[in-house]
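Following: one structure in structure tokens, then a few remarks.
The values are calculated or read from the model by the stated rules, or taken from the named source; none is laboratory data. Quantities reported herein were computed from a predicted structural model and do not represent experimental measurements. Please note: Cβ atoms are built from the backbone with ideal geometry, for glycine as well, and neighbour counts cover all protein chains shown.
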Amino acid sequence: MEQTRKQLIDLLAESKDQYISGQELSKRLNISRSAIWKHMNELKKQGYLIEGVTNKGYRIISTPNSLSLDSLQWGLNTEWLGHQLVYEPTVTSTQIVGHDMARDGAPHGSVVVAGEQTAGRGRMKRYWDSKEGYGLWFSSIFRPKNLAPKKATQFTLVAAVAIAEYLEGLGLDVKIKWPNDIFIKGLKLSGILTEMQAEHDSVEYIIVGIGLNVNHDIRDLHESVQHKATSLRIELGEEQNINDVFQGLLLHLERKYDTFISEGFKHIKSEWESKAYRMNEWLDVRTNTTWKAKLIGIHEDGAMVVKDKDDKQHVLYSAEILW
Ligand code: BTN
């Protein structure tokens, strides 16, 4: 049933603004006209606006601004990322589901999206607020060949550059705070959590979890972050279609991953540095203690390179830039 509906959506998406006749749909999907009609009604219930014109056929006018497997897939034009897609209305964390899926053999490029997370997690074991209906919370599974575990941090930076480029396309001025924060005008819009499973010095799989605030108003953000977080709706001044945001992000993520695999990290490194938050400024950096450091770039393997007050260089693999 779900497979047929996906095929139906794919056919409607392929024909874009053109009508596709009920007869054609029933032939291509090998189901009766009344079965097509039932599927159409189901899609309408999900919030699709579908136009049906006698002697012409059907076309989708608009997709719903809520999440479902169908709406996430409709019009997704990645080559491999997200082709294996799971949508769960409620989960603890898509990272947990992602690990389960990967252990059960989910292929490279599988993605799990949640409507809400009851135990969303951030870096350094922090809680990640993931209320239903406001944001995008999803995890992607990658199975890179022969990647040393040390290089897994690079994945966070690949994802950060991908997200930044997508957002720049929406007209936003984006900065990336090492390693995983996406900032707009000094406020956090999105975070990335990269986790991996490695064996014998090689990565078995990597799970890249992305959380992005989409349709929050200030008051919808968790009280503790209202002064330091933002959403696309706040920044762009209008509600965004959450499915479009998902598909745009996935497309950029796929492209960046492909570039990373074919050309190596060099290209990503220079892009990342050009978007770095407070580059060459004095920052408070927390390692074991909190100290003043100036960010001067990132290392070949994704670590942060800073200078201290005595002009001594440090390569930091685990640290936090304070606000
Ligand atoms: C951070 O900024 O510390 C990282 C936040 C990552 C949040 C995302 S939401 C989807 C995925 N599932 C989780 O539980 N966390 C990540």
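The set of residues in segment 131-143 that are of a type outside the set (Phe, Trp, Tyr) and within 6 Å of the ligand (Cβ to nearest atom) contains only SER139. Kindly establish whether TRP128 is under 26 Å from TRP272 (Cα atoms), within 12 Å of the ligand (Cβ to nearest atom) and touching a Lys or Arg at 6+ places or on another chain (Cβ under 8 Å). It is true that TRP128 is under 26 Å from TRP272 (Cα atoms), within 12 Å of the ligand (Cβ to nearest atom) and touching a Lys or Arg at 6+ places or on another chain (Cβ under 8 Å).
Selection of segment 98-108 for residues being under 17 Å from the mean Cα position of the chain (by Cα) and crowded, with 21+ Cβ neighbours inside 10 Å yields only GLY98. Residues of segment 1-35 that are within 18 Å of GLN73 (Cβ to Cβ) and of a type in the set (A, V, I, L, M): MET1, LEU8, ILE9, LEU11, LEU12, ALA13, ILE20, LEU25, LEU29.
Evaluated against (1) more than 15 Å from the ligand (Cβ to nearest atom); (2) surrounded by fewer than 21 Cβ atoms within 10 Å (Cβ to Cβ), TYR166 falls short on exactly one condition, (2).
Filtered by the rule that a residue be among the polar types (S, T, N, Q) and more than 14 Å from the ligand (Cβ to nearest atom), segment 203-227 gives ASN215, GLN226. What are the pairs with Cβ atoms under 7 angstrom where one residue, in segment 176-202, is away from the ligand (no atom under 14 Å from the Cβ) and the other, located anywhere, is assigned to a strand (DSSP E or B) and of a type in the set (Asp, Glu)? Sequence gap at least six, or different chains. Taking only residues 6 or more apart or on different chains, the pairs are GLN197/GLU204; ALA198/GLU204. Looking across segment 110-121, the residues that are within 12 Å of the ligand (Cβ to nearest atom) and either under 12 Å from the mean Cα position of the chain (by Cα) or under 24 Å from PHE260 (Cα atoms) (or both) come down to VAL111, VAL112, VAL113, ALA114. For segment 269-283, a residue qualifies if it is in contact (Cβ under 8 Å) with a residue 12 or more places away in the chain and under 21 Å from LEU189 (Cα atoms), and the qualifying residues are GLU271, TRP272, GLU273, LYS275, ALA276, TYR277, ARG278, MET279, LEU283.
Taken together, the residues in segment 231-265 that are more than 24 Å from ASN77 (Cβ to Cβ), touching a residue at least 24 places away in the same chain (Cβ under 8 Å) and of a type outside the set (Gly, Ala, Ser) amount to 2.
The condition of being among the small types (Gly, Ala, Ser), without any contact (Cβ under 8 Å) to a residue 24 or more places away in the chain and assigned to a loop (DSSP other than H, G, I, E, B) holds for GLY105. For segment 89-98, indicate whether the set of residues that are within 14 Å of the ligand (Cβ to nearest atom), at pLDDT below 95 and assigned to a loop (DSSP other than H, G, I, E, B) is non-empty. No, because not a single residue in segment 89-98 is within 14 Å of the ligand (Cβ to nearest atom), at pLDDT below 95 and assigned to a loop (DSSP other than H, G, I, E, B). Of the residues that make up segment 245-252, is at least one among the β-branched types (Val, Ile, Thr) and more than 19 Å from TRP137 (Cβ to Cβ)? No, there is no match, as no residue in segment 245-252 is among the β-branched types (Val, Ile, Thr) and more than 19 Å from TRP137 (Cβ to Cβ).
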